[in-house]
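> Sharing a structure here in structure tokens format.
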Amino acid sequence: MAISSSSCYSLVLNTETKTLLCPVPGCKTRLTSGTRLCDEHSVAILQERKDLPNLSIIRLPTSNTNEFVTLFPLSKSSERYTSLVTSIMNDWKKQNVTDLKIETIAEIHPSPSQTKTFNEYKTMILNTRNDDDDVKDNVYNHNKVMALYHGTHQHCDPLLTTENGQLQSNSQVLCGNSNCGVCGVILNGFDPNKIGQNARGETFQRLGKGFYFAPHPSKAHYYSRGAQKCHSNDPTRKTQVLLRCLVAVGKPYHENVVQPKKTAPPEGYDSVYGAIGTCKSRGHGPLNWPEYAVYDPRAAIAVDYIVYSYTSTSEF
Ligand SMILES: [Zn+2]
Ligand SMILES: [Zn+2]
């Protein structure tokens, strides 16, 4: 499919508040609000133009369309990289790893179809809740689209990059297999058939059969255990992977009790939010950290692939 300038094919990250420089090395263009690349590099990277500086652009085919998802590993000196590292470190609230280090951040540029599906869903929610005073006044203190973290398993090795964002010589490119949790989400989105399948053997679904996201990467760390690998360059460290996702939470319902059988938010809501201290269950206690669940696969899209490393973890 040709890349269209039509707005339904462009992903607006209205969760980004700072205006940063385009992260392509040497580019001096300041990004407009909600974008991750300047116009020129947006087209160049998605079309894999060859005259780009030495970038390690990764293009992987989706399994259900003749389209590609593009991963763009960020240079570690780009403003976007340092800004994301600061957010991840600040939001890593639970002290569950020692000597945390961010190894790689790659922007995920979804296929045109994925972006269109997400944008249409987002627009539908915004229109549905437009007259809703709760949302308008933001009484829940939530935005309608949030950037949240998702942890899942990864069968293949993590992408490891150099300081300038190029793949390290011993780094593999992602496997692209839909049974690999991380690759599956990146290439094919959130799959309802995979709910409850994880490397932890964890079947408890506190807020029901949905897709789970956390404001704190330290919480998503628990769920990405199946992505844990020995660091290929440092035997004293382990690596794991998180996906930073845009999630159209719309109007979240604040749940107080466990609802393992839930398959949708209550009428009038778009997602379910579990706050700290709520949703106590026998054997699992209350929530120690907040989480969101959405039940519609169109409600979330992965936008950043993050590899981190640590020397030990208290979680598992
Ligand atoms: Zn640029
Ligand atoms: Zn994979």
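> Hey, any hits in the range 168-175 for a residue that's open to solvent by less than 30 Å² (accessible area, probe 1.4 Å), in contact with a Cys (Cβ under 7 Å, 6 or more places away or on another chain) and closer than 30 Å to P53 by Cβ?
Looking only at the range 168-175, we keep the residues that are open to solvent by less than 30 Å² (accessible area, probe 1.4 Å), and these are 171, 174.
When the remaining residues are screened for being in contact with a Cys (Cβ under 7 Å, 6 or more places away or on another chain), the result is 174.
Adding the requirement that they be closer than 30 Å to P53 by Cβ leaves 174.
Yes, because at least one residue in the range 168-175 is open to solvent by less than 30 Å² (accessible area, probe 1.4 Å), in contact with a Cys (Cβ under 7 Å, 6 or more places away or on another chain) and closer than 30 Å to P53 by Cβ.
> Related question: Taking T128, is it open to solvent by 60 Å² or more (accessible area, probe 1.4 Å), touching a residue at least 60 places away in the same chain (Cβ under 8 Å) and under 28 Å from E291 (Cα atoms)? Working first, answer last.
Numbers: open to solvent by 60 Å² or more (accessible area, probe 1.4 Å): yes; touching a residue at least 60 places away in the same chain (Cβ under 8 Å): yes; under 28 Å from E291 (Cα atoms): yes.
The answer is yes for T128.
> Here's something else I'd like to know. Tally up the residues in the range 68-86 that are among the aromatic types (F, W, Y) and within 12 Å of ligand 1 (Cβ to nearest atom), please.
Just the residues of the range 68-86 that are among the aromatic types (F, W, Y), to begin with: 68, 72, 81.
Those left that are additionally within 12 Å of ligand 1 (Cβ to nearest atom): 72.
Summing the residues that are among the aromatic types (F, W, Y) and within 12 Å of ligand 1 (Cβ to nearest atom) in the range 68-86 gives 1.
> Within the range 256-286, work out how many residues are within 30 Å of V97 (Cα to Cα) and surrounded by 24 or more Cβ atoms within 10 Å (Cβ to Cβ).
3
> Next question. Could you give me the residue pairs with C-beta distances under 8 Å whose first residue belongs to the range 179-190 and is without any contact (Cβ under 8 Å) to a residue 12 or more places away in the chain and among the basic types (K, R), whose second residue is open to solvent by less than 10 Å² (accessible area, probe 1.4 Å) and near ligand 2 (Cβ under 10 Å from one of its atoms) wherever it lies, and which are 6+ apart or on separate chains?
Between residues of the range 179-190 that are without any contact (Cβ under 8 Å) to a residue 12 or more places away in the chain and among the basic types (K, R) and residues that are open to solvent by less than 10 Å² (accessible area, probe 1.4 Å) and near ligand 2 (Cβ under 10 Å from one of its atoms), there is no close pair.
> Considering each residue of the range 92-106, count those that are part of a strand (DSSP E or B) and farther than 18 Å from D234 by Cβ, and give that number.
Counting residues in the range 92-106 that are part of a strand (DSSP E or B) and farther than 18 Å from D234 by Cβ gives 2.
> Working only within the range 11-67, note down all residues that are more than 15 Å from ligand 1 (Cβ to nearest atom), at pLDDT 80 or above and open to solvent by 40 Å² or more (accessible area, probe 1.4 Å).
Of everything in the range 11-67, those that are more than 15 Å from ligand 1 (Cβ to nearest atom), at pLDDT 80 or above and open to solvent by 40 Å² or more (accessible area, probe 1.4 Å) turn out to be V12, S33, R59, P61, S63, T65, N66.
> While we're on this one: Checking the structure you have, find out if any residue of the range 109-124 is over 28 Å from N233 (Cβ atoms) and not in a helix (DSSP H, G or I).
Of all residues in the range 109-124, those over 28 Å from N233 (Cβ atoms) come to 110-124.
Checking which are not in a helix (DSSP H, G or I) leaves us with 110-111.
Within the range 109-124, one or more residues are over 28 Å from N233 (Cβ atoms) and not in a helix (DSSP H, G or I).
> Which of the residues belonging to the range 94-116 are more than 16 Å from the chain's Cα centre (by Cα), open to solvent by 20 Å² or more (accessible area, probe 1.4 Å) and of a type in the set (S, T, N, Q)?
Q95, T98, S113
> Select, from D91, D39, the only residue that is more than 22 Å from L159 (Cβ to Cβ) and of a type in the set (D, E). Let's see the steps before the verdict.
Details: D91 fails: more than 22 Å from L159 (Cβ to Cβ).
After ruling out the rest, the residue left standing is D39.
> Among the residues that make up the range 142-153, is at least one of them at pLDDT below 85 and either open to solvent by 50 Å² or more (accessible area, probe 1.4 Å) or away from ligand 1 (no atom under 16 Å from the Cβ) (or both)? Outline the logic, then answer.
Within the range 142-153, the first condition is being at pLDDT below 85, and the residues that meet it are 142-143.
Still in the list and also either open to solvent by 50 Å² or more (accessible area, probe 1.4 Å) or away from ligand 1 (no atom under 16 Å from the Cβ) (or both): 142-143.
Looking through the range 142-153, at least one residue is at pLDDT below 85 and either open to solvent by 50 Å² or more (accessible area, probe 1.4 Å) or away from ligand 1 (no atom under 16 Å from the Cβ) (or both).
> Return the total of residues in the range 68-84 being assigned to a loop (DSSP other than H, G, I, E, B) and in contact with a Phe, Trp or Tyr (Cβ under 7 Å, 6 or more places away or on another chain). Spell out how you get there, then give the answer.
Quick first cut of the range 68-84, residues assigned to a loop (DSSP other than H, G, I, E, B) only: 74-78.
With the extra rule that they be in contact with a Phe, Trp or Tyr (Cβ under 7 Å, 6 or more places away or on another chain), the set shrinks to 74-75.
Matching residues across the range 68-84 total 2.
The values are calculated or read from the model by the stated rules, or taken from the named source; none is laboratory data. Quantities reported herein were computed from a predicted structural model and do not represent experimental measurements. Heads up, the Cβs are rebuilt from the backbone with ideal geometry, glycines too, and the neighbour counts pull from every protein chain shown. Please note that ligands, DNA and RNA were not included when accessible areas were found on the heavy atoms of the full protein model with its side chains. Shrake-Rupley method; radii C 1.70, N 1.55, O 1.52, S 1.80 Å.
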